[in-house]
1. Testing ILE180 on (1) at pLDDT below 95; (2) touching a Gly at 6+ places or on another chain (Cβ under 9 Å), one condition comes back false. Which one is that?
2. In the stretch 59-80, which residues are without any contact (Cβ under 8 Å) to a residue 60 or more places away in the chain and under 18 Å from ALA17 (Cα atoms)?
3. Filter the stretch 91-124 for residues that are surrounded by fewer than 18 Cβ atoms within 10 Å (Cβ to Cβ), closer than 21 Å to LYS32 by Cβ, over 17 Å from the mean Cα position of the chain (by Cα) and not acidic (Asp, Glu) and give the result.
4. Which of the residues spanning the stretch 61-90 are buried (at least 20 other Cβ atoms within 10 Å of the Cβ), assigned to a helix (DSSP H, G or I) and not hydrophobic (A, V, I, L, M, F, W, C)?
5. Which condition number does GLY127 fail, the rest of (1) farther than 26 Å from ALA85 by Cα; (2) crowded, with 22+ Cβ neighbours inside 10 Å; (3) of a type outside the set (Phe, Trp, Tyr) being met?
6. I need every pair where a residue in the stretch 141-155 that is modelled with pLDDT of 95 or more has its Cβ under 7 Å from the Cβ of a residue that is of a type in the set (Ser, Thr, Tyr) and surrounded by fewer than 23 Cβ atoms within 10 Å (Cβ to Cβ), sequence separation at least 6 or different chains.
7. How many residues does the stretch 112-140 hold that are at pLDDT below 95 and among the charged types (D, E, K, R)?
8. So if I check each of ARG182, ARG201, ARG172, which one is within 22 Å of ASN119 (Cα to Cα) and charged (D, E, K, R)?
Amino acid sequence: MSDIHEPHGVHKLEEKANEIRTSIIKMLIEAKSGHVAGPLDMADIFTALYFEILHIDPENPLDPQRDRVVLSNGHICPVWYATLAHRGYFPMKELSTLRKLGSRLQGHPHVMELPGLENSGGPLGQGLSQAIGMALSAKLNGEKHRIYSLGSDAELQEGQTWEAAMYAGNRRLHNLTWIIDRNNIQIDGFTEDVMPLEPLRDKLEAFNWYVLEIDGHNFDEIIGACEHAKAVLERPTVIIAHTIAGKGVDFMEGKYEWHSRAFKGDEAKNALSELRTLGGKIRSEHQ
């Protein structure tokens, strides 16, 4: 299988990520509910994966040699849905059906309901285990595709995550890349107040993972880290992606209150305006 898209420059990736963030806000307006901060802060990583990194073909979504993305924190699925639609897996108009009865775009992803979805998500802490099963199967069968497990930092409060991490390190699953969204928030506060995770890097290294830390909004760093992981052959790689919750909308950024809540008043209108003008940058450049 050969990918059908050409490599994108960083500027075009930034533009695409902004388009995906705009789609997320529109989806949540239509749904009148849903998770906000996580989808916005992961838009850059999803854009880098689906438009630059992954070995995939939207016209053949079940090709056995495709790379797999496993989303553990399934509640941020609006960013997955929006990215898949922008990448051509299904019609963009379907994004407006988020969380509606009969829709393929439910509040948590259901595998096989929609082209491009590789796992079902709901209960937190299970995605890494699912990804490990895929990676182990591929390794045993001598297959060359990679597995990318995406999860939240708050999920590291789940014991199953650490059991899975220990197992992957023990089995030296070099075809597995785990990307942790280190946005420092969860639904009821900041992670370091609720259940401190630091020193996170030291803990992961103790479980025999190769650890990289990046700015999760820097495309060069995202792409570079994923390429770096391919060269690590003796153990799995985990990328701690430092992100800003609610990235792209100033009044949401870094605020755990936007983990999940409906828009009020002019909030949605203001969010869309900010995204369309890149925080006023476009407007000021043309004054």
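1. (1)
2. Scanning the stretch 59-80 gives CYS77, PRO78, VAL79, TRP80.
3. Answer for the stretch 91-124, where residues must be surrounded by fewer than 18 Cβ atoms within 10 Å (Cβ to Cβ), closer than 21 Å to LYS32 by Cβ, over 17 Å from the mean Cα position of the chain (by Cα) and not acidic (Asp, Glu): MET92, LYS93, SER96, THR97, LYS100, LEU101, GLY102, SER103, ARG104.
4. Answer for the stretch 61-90, where residues must be buried (at least 20 other Cβ atoms within 10 Å of the Cβ), assigned to a helix (DSSP H, G or I) and not hydrophobic (A, V, I, L, M, F, W, C): GLY74, HIS75, PRO78, TYR81, THR83.
5. All conditions are met except number (1).
6. Within 7 Å, the pairs are ASP153/THR191; ALA154/THR191; GLU155/THR161.
7. Within the stretch 112-140, residues that are at pLDDT below 95 and among the charged types (D, E, K, R) number 1.
8. Values: ARG201 fails: within 22 Å of ASN119 (Cα to Cα); ARG172 fails: within 22 Å of ASN119 (Cα to Cα).
Within the list ARG182, ARG201, ARG172, the selection yields ARG182.
The values are calculated or read from the model by the stated rules, or taken from the named source; none is laboratory data. Here the structure is a predicted model, which means the values were calculated and not measured. When we count neighbours, we look across all protein chains shown, and the Cβ atoms used for this are built from the backbone with ideal geometry, even at glycine.
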